[in-house]
1. Compute the signed sum of charges (Lys and Arg +1, Asp and Glu -1) over the other residues within less than 11 Å, Cβ to Cβ, of Glu11.
2. Which residues' amide hydrogens lie under 5 Å from the amide hydrogen of Leu47, considering only partners 5 or more residues apart or on another chain, with H built in the peptide plane?
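Rule-based calculations on the coordinates, nothing more; no lab input. Worth saying up front: this structure is predicted, and the values here are computed from it rather than measured. Glycine gets a Cβ as well: all are built from the backbone with ideal geometry, and neighbour counts include every protein chain shown.
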Amino acid sequence: MTTPITIKKHERVPDTGSYKVRFADGRPSVYFYWGDLPGRRLRPDLLTRNEAEAKAKAKELARIERDKLAGASA
């Protein structure tokens with residue numbers, strides 16, 4: 001059985017990166033970009049690492065989407 005949702009952290013440059021939320025059913029992935037270096041935080045939608053992780057993990061998006069998938073397969 002395939003995991004319905006996976007979360008992957010990307011961090012090529014120290015203290016900046018993203019969390020990718022991937023859906024097994026083929027829907028487009030969702031990205032949460034973060035940067036913990038205030039001088040690099042030029043985009044207003046850029047989050048801190050903790051904010052991005054909270055949004056990507058089960059606390060928000062993943063939990064909602066898991067519930068949707070569980071309801072569809074029931």
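1. +2
2. Tyr33, Trp34, Gly35
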